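The block underneath contains the structure these notes are about, expressed in C-alpha cells.
The values are calculated or read from the model by the stated rules, or taken from the named source; none is laboratory data. Just so we're clear, the structure is a prediction, and the values are computed from it rather than from any experiment. Cβ placement follows ideal geometry from the backbone for every residue including glycine, while neighbour counts extend to all protein chains displayed.
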C-alpha cells in the first residue's frame with residue numbers, strides 16, 4: 001500500500017491508511033486468485049485491515065500462511081483439487 005501512496009514509499013509509515021491505496025492493493029490481490037477473485041478480494045481486504053490495525057507485516061505474512069495451510073489441508077482431506085489451479 002505504501003508504494004501506491006508515495007514515490008518515496010519507504011518514508012510512509014507501515015500501516016498508513018488511504019482508501020485508494022487500500023482498495024487498489026486488495027483488487028490486485030484478488031486478481032491473483034483467478035476464478036476465486038471474490039475470495040481473494042475478501043482476504044486482501046482482511047489482511048490489509050489487519051496491517052492498518054496492527055502495523056505488523058509479520059502478522060499479515062503469518063495470517064496468509066495459516067490461511068494457505070488451512071486451505072491445503074482442506075483440499076487434500078476433501079479431495080477438492082479445483083481450488084489448486
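Mind listing just one residue for me: the one in segment 25-36 that is at pLDDT 95 or above and over 21 Å from residue 59 (Cβ atoms) and, of those, farthest from the chain's Cα centre (by Cα)?
31
Out of segment 55-78, which residues are over 30 Å from residue 12 (Cβ atoms) and surrounded by 12 or more Cβ atoms within 10 Å (Cβ to Cβ)?
The answer is 71, 72, 74, 75.
Starting from residues that are surrounded by 12 or more Cβ atoms within 10 Å (Cβ to Cβ) and over 21 Å from residue 83 (Cβ atoms), keep the ones in segment 41-54 and report whichever is nearest to the chain's Cα centre (by Cα).
Out of the qualifying residues, it is 48.
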